[in-house]
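The values are calculated or read from the model by the stated rules, or taken from the named source; none is laboratory data. Computed from a predicted structure; not experimentally measured. Cβ sites come from the backbone with ideal geometry, for glycine too, and all protein chains shown count toward neighbours. These area figures cover heavy atoms from the full protein model, side chains too; ligands, DNA and RNA do not enter into them. Shrake-Rupley method; radii C 1.70, N 1.55, O 1.52, S 1.80 Å.
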Amino acid sequence: MIHLRSLASLRRHLPKLALSAAGILLCLGLFIVLQAERTYRQERIGQLTMQAHILAATVTAALAFDDRAAAGEYVAALGADPSLRAAAVYKADGSLFAGYRLSVALPLPPVLIPGVAPVEKERMIVTAPVIQNGALLGTVYVRILAEPLSRRLQRYGAIALLAVMASLVAAVLGIGQAALARANAELQKHAADLAEVNRMLEQQIEERERVEETLRQAQKMEAVGQLTGGIAHDFNNLLQVILGNLDVMRSRLPPEDNGLGLKLEAAQRAGERAAVLTAQLLAFARRQPLDARPIEINRLVTGMSNLLHRSLGEAIEIRTRLAPGLWWVSADANQLENALLNLAVNARDAMPGHGTLTIETRNLRLDDDDPALSDRLQTSECVAIEVHDTGTGMSPEVIEKAFEPFFTTKDIGRGTGLGLSQVYGFVKQSGGHIDIVSAPGAGATIRILLPRIADPTGRATLAGRAEPIPHGQEQELILLVEDDANVRMIGLEMLRSLGYRVIEAADGHEALRLLAAEPQVQLLFSDIGLPGGLSGRQLADRVRALRPDLPILLTTGYAHHAISQAGGLSPGIELLGKPFTHAALAQKIRQMLEPGSL
């Protein structure tokens, strides 16, 4: 009976229980919906925050380099997220830098105040600062459009559809997460590519600055070289007239000259000093005539031992480290000796009181030692001549100007500033390279690199020694070609005083007519710079075609265009630089007319 009453009571309360259960289930459903909604919103805010921070890290370089195109690509890449409505990058001053909008109806804020997150109705917005090295470069803005309440209630209105909707939401989130992961991977790849491009750009900028500085220095040296070369060339013609006339006057002095000989000798010494200065200018300008021949560097350095000891004095210790099996080079032996002597004297002046000078030679392959330097030389194999001293050293500012003409750190009257510039010009004209390694208080090393040549069959050519002045015979006829009347006059005087018969021409065309009319001519002596469209070098080529056995002696103040661009001198053609002395002219002519006699 009690059991039946209990069942009846249960049946009475069953609607309430059912209603209560339904209410509890509804509340539970609503709780689940609200909890799911809260969780969903937190996740979306977290995703937006992550996207914003990724975008902030990605656009750092674009903001730093003001690259709007790159920033626009990174912002547009976020469009892979279908829930994204807008994204933008703002500069530090709040102005818009790059932006993306899913729809024109969803405008972007024109100005974004850094540190202040904007509030917009029914929209979820996240901002993130763009910081590099502690400095604020700008702000990232990311926005999605939140769903209205009615739509959310419809989606969660029926508990029966909750699982389905949850599955759909999970699927949508999965797809969105996959798309976001792909977008993130693409952004990371773009960031890595951008970092590599930035690194390459920085390297290119550094290389361009180095090349531009080298080009500016080369252009400056070339401009100074053209100026000094032109002046020295014209001055050499004047010195030829002066020194030639002094030579002739000294040869005609009477026994009782009343001191006139001493005056002529003083004038000649002054002229020779001027000739040395012009030779140094021409050497720097790379327009000096060179007599390049195969030489052995070790033999040349050894032969300079006495000269170096006399020039440097007892206080300077001289050491040599000469590598065995040294390769051959082609250079003017006299000029190379002068270059090494100049370097030794400079080293002596940098070692006041005492010191050690070391001359070292060695074979060098530049592709192994210095690949960049090998591009500046004709061959990667060369001979290095290094002159080390234990002196005061040079600062970087002095090294930069060391090879410029008339630059010197010595006191007034102790140097012309042409020594190193002469060495620089000689080395460059010989197809080599020269550089300086030094620091204040650490001494200096000057390195000369000369290209290697194949081993020659003959012996090395070293600097010549003074020989007696040889004279010619009256039957020996010389054709003199010179356009400058004063230089031609002194040339005639010097040749006739040496016992030769001479005929003269003022240009190449006249010389060819005289040569055709006078088959007895035994030597052609011509200046290289001739008027009338036929230079001395071209005249020599024509004469060689007509009379291959005729010796040809060319003279010039410099031979930059006339000889070097023509590929050097052919056999049977010699060169005598201006200003030349009476003795040098005599010896050169006898050497050509009687090979092996001197």
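Taking all protein chains together and rolling a 1.4 Å probe, Phe403 ends up with roughly 30 Å² accessible. Only protein heavy atoms count here; on that basis, with a 1.4 Å probe, Arg544 has an accessible area of about 60 Å². The residues of region 477-593 have, on average, 40 Å² of accessible surface per residue, using a 1.4 Å probe with all protein chains present.
Share of carbon and sulfur in the accessible area of region 68-119 stands at 64%, probe radius 1.4 Å. Computed on protein heavy atoms with a 1.4 Å probe, the accessible areas place Leu534, Leu102 in the order Leu102, Leu534, largest first.
The apolar share of the surface of region 477-593, taken as the fraction of accessible area on carbon and sulfur atoms (1.4 Å probe, ligands and nucleic acids excluded), comes to 50 percent.
What's the local net charge at Arg101, with K and R +1, D and E -1, over the other residues with C-beta under 13 Å away?
On the way: positive: Arg85, Arg123, Arg143; negative: none.
Every neighbour counted, the sum reads +3.
Relative to the 2.2 N^0.38 Å rule of thumb, region 477-593 has a C-alpha radius of gyration ratio of 0.95. The largest accessible area among Ser430, Ser421 belongs to the first residue in Ser430, Ser421, and the rest follow in falling order (1.4 Å probe, all chains).
Other residues within the sphere of radius under 10 Å centred on the Cβ of Ala80, judged by their own Cβ, net out at -1 (K and R +1, D and E -1). Computed with a 1.4 Å probe over protein heavy atoms only, the accessible area of Val387 comes to about 10 Å². Taken along the Cα-to-beta-carbon direction at a fixed 7 Å, the label points for Glu212 and Val345 span 4.0 nm. The Cβ shell under 15 Å around Lys189 holds other residues with a net charge of -3, Lys and Arg each +1, Asp and Glu each -1.
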